[in-house]
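The values are calculated or read from the model by the stated rules, or taken from the named source; none is laboratory data. Model, not experiment: these values are computed from the prediction. Here the Cβ positions follow ideal geometry from the backbone for every residue, glycine too, while neighbour counts run over all protein chains shown.
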Amino acid sequence: MLRYIIRRLIIAVTAMFVLATITFFLLRLVPGDPFAGPRITEVIKARLRAHYGLDQPLIDQYFIYMKHLAMGDFGYSLAKQGHSVNEIIREAFPYSLDLGLRALVFAVIMGLFFGIVSALNRGRALDSLTVILVLVGISVPSFVLGGILQYYFAVKWPILPVARYESFAHTIMPAFALSLATMANVARYMRASMLEIMTADYVKMAKAKGLNRRQIVLRHQLRNALFPVLTIMGPVVAMVLTGSFVIETIFAVPGLGRHFVLSMQNLDYTMVMGLTIFFGAFLIAMNFLIDVLYGLVDPRIRLS
Amino acid sequence: MTDAAEPIPPELFVPDPGQPVQSLSTAEPQEFWADVWRRFRGNRAAMASLSVLILLALLAIFAPILSHYSIAQTDLFNTYKRPSFVHFFGTDGLGRDVWTQVWMGARISLTVGLTAALIQMLIGVVIGCISGLYGGRVDMFLMRTVDIMIAIPFLIWVSLVVIVLKPGIVSIILAFALTQWTEIARLVRGEVLKLQNTEFVIASQSMGAGSWRLIVRHFFPNILPVVIVAVTFQITNAIFGEAFLSYIGLGIQEPLTSWGKLVAAGVREMRGNPYMLIFPAIAISLTMLALQLIGDGLRDATDPKLRQ
């Protein structure tokens, strides 16, 4: 187990190094200037470039950046002057994490519930109803859903606050809008794998032993049906927890999601780098966690 | 048994006439597709979805040609007209006909979705097969590449592809095609790994089947259901992705339009002129719905486990 973890750690660090290197150079290929602006003259630009060390040869910049990165320092943001990238992430991430966790908990519970109900009632009205619900969840873009929710539940019938992220009431709409797509996917995968398992030998065996339906579903089917759902959850969890640009923009949540788009539009090199590495680390950690969970769900799989 | 010593004359050893030499297989490929089509036809939801999709495609092709208006034609005396017989879907803030815009947008959105998903499928299946079949270092290298590609922000890729090419539909398709194949590659790899240990593949190998035969005869039909579902997902993703790019202003540029762009504009106008959101949103949602149902239908129709 320890050897396995060490091996995974080495691979993870290598992957992060490659990711940082590729992103660093790709980013410099993107046309544009981080200091472009109507009132910024060439002289000011040159001074800003010198201030941030952007006037040095690219390869030197790379080594300086990597040295600081190794110590966990993402550097200063080019767009939000005077703020370090670490600071911006530290301020914004809790909002995205909070929103993302709420959305995930809701999405997973409801998704599993719908998937199981629909599989157990295959071909009946309840199944069709769930399938339609899932398809609607997948078929509506999040900015449409967010916009419609906001219009009806905050403007037309003012039940919930329009935007911002302050109290529990503020979290309901963005969390729901964020969760719908994940919920639909979880339900879809859960239904498919429940159906596949219904004909498995160990389920037949359990029936032959005389177990009642509830015991079969709880003890045998659920546990095994969770696999395909777990597989898709790694990237999904990383994506949802690091914030959504669309949802955060619509509901004015001061989270991390907006920075992914804004930093790219501003060509804020250090911010883009910081976010990419942050997200990459999150993704790798999630995939590792899922592999460990595999072992817990299925005792046949030994980590090696 | 006693007169077993009596030699059999060699002229008795003749090949059985009329029997093909290659008789390893049971069903021919033509039969496979005929069977798929027969089973697909039986699925009412999938057939209805196919008709809807064909209807949408026909409208995308012919509606702009038959329309009296063009997408760039503004009419400042007729802004924000409600839907009527003159303007089926009303007009927008510049007096442009929304009906024409929706079907011109359909051309772009459908082209982006289908082309991007097909290229992704090709890349994904090839990489996934190589990774699964060769295993070891090749597999390790390819899968870590996939991990890293997923982590590089999509917007960096888009911005890069846009400088190499000109901004527009081709660069959007390429940005999706070259970065989003990772999902299919992972799925295909998983399936190949699973299949390599099945009895029928081992049996086929022990009967002397080469890797090409294994791929065509055994892997392909078994991977197909998974790939089909993934492809319908990727079409959805590409259409939504284009919509997202339009939402942040990096998508198709004026005067061209796409469903995503129309929906994004519709969300802004929702309060006063809900029709501007409703029509493109219905078009986009209907397409997604049809694609999912067709995907499910095709999966059931191609799954070898469900064959009679």
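Scanning segment B:66-74 turns up at least one residue that is within 32 Å of the chain's Cα centre (by Cα), surrounded by 15 or more Cβ atoms within 10 Å (Cβ to Cβ), part of a loop (DSSP other than H, G, I, E, B) and small (Gly, Ala, Ser).
Can you confirm whether A:Ile89 is among the hydrophobic types (A, V, I, L, M, F, W, C), assigned to a helix (DSSP H, G or I) and more than 22 Å from the chain's Cα centre (by Cα)? Spelling it out, it is not the case that A:Ile89 is among the hydrophobic types (A, V, I, L, M, F, W, C), assigned to a helix (DSSP H, G or I) and more than 22 Å from the chain's Cα centre (by Cα).
Just one residue in the set A:Ile247, A:Ile284 is of a type in the set (A, V, I, L, M), buried (at least 22 other Cβ atoms within 10 Å of the Cβ) and at the interface with another protein chain (Cβ under 9 Å from one of its Cβ atoms); that residue is A:Ile284. Give me the residue from segment A:5-36 that is surrounded by fewer than 13 Cβ atoms within 10 Å (Cβ to Cβ) and in contact with a Lys or Arg (Cβ under 9 Å, 6 or more places away or on another chain) and, out of that set, modelled with the highest pLDDT. Taking the candidates together, the pick is A:Thr14. With the structure loaded, tell me whether A:Leu222 is in a helix (DSSP H, G or I) and within 17 Å of A:Val108 (Cα to Cα) or whether it fails that test. It is true that A:Leu222 is in a helix (DSSP H, G or I) and within 17 Å of A:Val108 (Cα to Cα).
Evaluated against (1) at pLDDT below 80; (2) small (Gly, Ala, Ser); (3) closer than 30 Å to B:Gly105 by Cα, B:Gly210 falls short on exactly one condition, (3).
When segment B:183-201 is limited to residues that are free of Cβ contacts under 8 Å to residues at least 12 places away in the same chain and part of a helix (DSSP H, G or I), the one that is surrounded by the fewest Cβ atoms within 10 Å (Cβ to Cβ) turns out to be B:Glu199.
Yes/no matrix, rows are residues, columns are (1) β-branched (Val, Ile, Thr); (2) without any contact (Cβ under 8 Å) to a residue 24 or more places away in the chain; (3) in contact with a helix residue (DSSP H, G or I) (Cβ under 6 Å, 6 or more places away or on another chain); (4) farther than 24 Å from B:Ile108 by Cα:
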{"position": "B:Val158", "(1), (2), (3), (4)": "yes, no, yes, no"}
{"position": "B:Val161", "(1), (2), (3), (4)": "yes, yes, yes, no"}
{"position": "B:Ala175", "(1), (2), (3), (4)": "no, yes, yes, no"}
{"position": "B:Trp181", "(1), (2), (3), (4)": "no, no, yes, no"}
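Between a first residue in segment B:240-254 that is more than 10 Å from chain A (Cβ to nearest Cβ) and a second residue that is modelled with pLDDT under 75 and surrounded by fewer than 22 Cβ atoms within 10 Å (Cβ to Cβ), which pairs have beta carbons less than 8 Å apart while being 6 or more apart in sequence or on different chains? Every condition considered, the pairs that remain are B:Gln253/B:Pro167.
Residue count for segment A:19-33 satisfying the condition of being in contact (Cβ under 8 Å) with a residue 12 or more places away in the chain and under 15 Å from A:Leu267 (Cβ atoms): 8. Could you tell me whether A:Leu275 is in contact with a helix residue (DSSP H, G or I) (Cβ under 9 Å, 6 or more places away or on another chain), modelled with pLDDT of 85 or more and part of a helix (DSSP H, G or I)? Taking the combined requirement at face value, the residue satisfies it. Restricted to segment A:225-257, and to residues there that are part of a loop (DSSP other than H, G, I, E, B) and β-branched (Val, Ile, Thr), the residue that is nearest to A:Phe278 (Cα to Cα) is A:Thr242. The residue that is farthest from the other protein chains (Cβ to nearest Cβ), among those in segment A:1-36 that are among the charged types (D, E, K, R) and closer than 27 Å to B:Val162 by Cβ, is A:Asp33.
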